[in-house]
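Comments concern the structure below.
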Amino acid sequence: MNSNNYSLPSNWVDFICTKDNLSMVWEKLNQFPILFDDSVRNDYNHFLREMLDPSSIIMFTGDYGIFRCCNIIPYRECDIHLSFWDKRFRGRLEECSQVLKWLFNKLKLHRANIEVPSITYSTINFIKALGFKIEGKRRDSWQVNGRYLDVIEFGILDNDIFELKQLTGEKDGKQTETNDKNIVNASL
């Protein structure tokens, strides 16, 4: 594990669980029907349980989204959820790579996991660009409007995280221009 001190992007701040913030996030996330399986869609109490879990790390990603890290096993692994409600990935690769380095360094993680429905093509491309590898597929495990979808499981290891120099534009410790033009704009 790398011992450097990694910091968060300046626009990423701790999420404060106020009634107004929770209501705003609930409203924003409900713009994306694919985010909620039919079993929990419109279940505000389920949403509150997830958001109020004291073992989670939750941050606003500026004014355009939210990041949640949950199921944390320190020195081992966690699950990551990231939603950009402005529906834009372009220009965010470097920022998200920086957050991954911060997260792995802070929690001394060995791995992190993300899972997404198989029809979220732009999200899948973004996750791959971050360095995550496809580790599996759960067939017909996500239901949206009565339709079953496959879920793609991704993972990234600490060795992969600290080799993200080519993804974030670092060269010999110096910042260079990032090329993330191939990432298509879309909702998560």
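Couplings 3J(HN,Hα) for the stretch 29-45, derived from phi with the Karplus relation 6.51 cos²θ - 1.76 cosθ + 1.60 (θ = phi - 60°), are 5, 6, 5, 10, x, 5, 5, 10, 5, 3, 5, 10, 4, 6, 9, 4, 5 Hz, where x marks Gly and Pro. For the stretch 12-169, the relative contact order works out to 21 percent when only alpha carbon pairs closer than 8 Å and six or more residues apart are counted. Sequentially through the stretch 10-16, phi angles give Karplus couplings (6.51, -1.76, 1.60; θ = phi - 60°) of 4, 8, 8, 10, 4, 7, 9 Hz, Gly and Pro residues having no value and appearing as x. Can you tell me the FRET efficiency between Ile119 and Glu50 if r is taken as the Cβ-Cβ distance and R0 is 25 Å, rounded to the nearest 0.05? Once rounded, the FRET efficiency stands at 0.65.
Shown here for the stretch 89-118: trypsin sites (Lys or Arg not before Pro) in loop regions (DSSP other than H, G, I, E, B) with at most 15 other Cβ atoms within 10 Å, namely Arg90, Lys108. For Lys128, the aspartates and glutamates whose Cα comes closer than 17 Å to its Cα, not counting residues fewer than 8 places off in the same chain, are Asp79, Glu94, Glu95, Glu115, Glu153, Asp158, Asp160, Glu163, Asp180.
All of the numbers you see were taken from the coordinates with simple rules; none came from a lab. Not measured: the values here are computed from a predicted model. Note that we place each Cβ from the backbone using ideal geometry, even for glycine, and neighbour counts take in every protein chain shown.
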